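To keep things clear, I will list the structure first and then write my remarks on it.
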Amino acid sequence: MQDPLSRFKADRQAAWGAKDPMAAVCVLATVDTDGLPQARTLVLRDVADGSIEGLAIYINASSPKWQQSQGRVAIQTWWPATQIQYRMQASCQELPADHIADSWQLRPDPPKRMDWLYQEHPQGSHVKDRQTLLDLLDATVLPEPLVAPEGAKGLLLLPDVIERLDLTQSNGVHDRVRYHREGDRWQQRTLVP
Ligand SMILES: Cc1cc2nc3c(=O)[nH]c(=O)nc-3n(C[C@H](O)[C@H](O)[C@H](O)COP(=O)(O)O)c2cc1C
């Protein structure tokens with residue numbers, strides 16, 4: 001049986017090949033403090049950096065989603081170009097500070113500045129209006145040399161349930177498979193789509 005994470009990577013590669021812009025992202029679903037689901041689009045990275053290998057997301061610790069991601073999360077991808085959906089349940093492991101320090105330097109300028117702004121004004125907090133936000137951003141003091149702030153964080157996703165739904169069957173009956181990790185092994189089951 002093909003390892004489902006390798007299968008995911010191969011499928012995502014095919015989506016990239018088909019120029020699917022959704023290949024870059026996932027939807028991260030968490031549960032907030034009121035027990036309500038919260039979902040948002042995030043860039044989904046494939047990290048290989050020394051001992052760190054796998055799918056990763058980069059988020060700011062000032063956002064409520066940071067606390068919400070300390071236990072288990074769900075992510076979902078959908079690639080219209082290749083008609084494949086993945087749903088995963090994963091536990092999360094914080095990416096080491098030295099990895100964040102290096103990868104943060106590759107970010108474009110505006111998100112770097114925003115990460116520093118979040119130190120004083122948490123992501124998702126209220127501002128009077130957009131001009132106030134832009135003024136706050138202008139007034140944000142950046143360190144010299146420019147380094148990642150404390151709040152810039154990332155999570156390695158450790159999926160243990162992976163579900164693949166393939167809509168390309170010629171007979172119109174979708175192919176739905178769920179993989180369940182047990183120890184080092186993955187179990188595979190076919191599900192009614
Ligand atoms: C295509 C796309 C990519 C995004 N990538 C990220 C990302 O990598 N990290 C991030 O924190 N927010 C990203 N966002 C913004 C989030 O969807 C969300 O609006 C923001 O993080 C605030 O979410 P929160 O209320 O859960 O804190 C992205 C949005 C879009 C549309």
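Report ³J(HN,Hα) in whole Hz for each residue of region 101-116, in order, from the Karplus equation J = 6.51 cos²θ - 1.76 cosθ + 1.60 where θ = phi - 60°; Gly and Pro get x.
Each residue's phi maps through the Karplus curve to give 4, 6, 5, 4, 5, 7, 5, x, 4, x, x, 4, 4, 4, 4, 6 Hz.
Which FRET efficiency value, to the nearest 0.05, do you get for Leu134 and Asp3 by plugging their Cβ-Cβ distance into 1/(1 + (r/R0)^6) with R0 = 41 Å?
0.30
Return the whole-Å distance between the Cα centroid of region 40-54 and the Cα centroid of region 1-32.
Centre-to-centre distance over Cα atoms comes out at 12 Å.
Based on the Kirkwood radius over alpha-carbon pairs, what is the Stokes-Einstein translational diffusion coefficient of region 1-145 at 20 °C with 1.002 mPa s viscosity, in µm²/s?
124
With every protein chain in place, what's the accessible area of Asp46 (1.4 Å probe, Å², nearest 10)?
Taking all protein chains as shown, Asp46 has close to 80 Å².
Evaluate the charge dipole of the chain about its Cα centre and quote only its size in Debye, nearest 20, assuming +1 on the Cβ of each Lys and Arg and -1 on the Cβ of each Asp and Glu.
Charge dipole of the chain: 720 debye, to the nearest 20.
Return the carbon/sulfur percentage of the accessible area of region 8-74, one whole number, probe 1.4 Å, all protein chains in place.
Roughly 55 percent, rounded to a whole number.
What number comes out for accessible area per residue over the chain if the probe is 1.4 Å? Units Å², please.
I get 59 Å² per residue for the chain.
The values are calculated or read from the model by the stated rules, or taken from the named source; none is laboratory data. Only a predicted model underlies this, so the values are computations on that prediction, with no experimental measurement involved. Cβ atoms come from the backbone with ideal geometry, glycine included; neighbour counts cover every protein chain shown. Ligands, DNA and RNA are stripped out before the accessible areas are found, and what is left, the full protein with its side chains, is counted by its heavy atoms. Shrake-Rupley method; radii C 1.70, N 1.55, O 1.52, S 1.80 Å.
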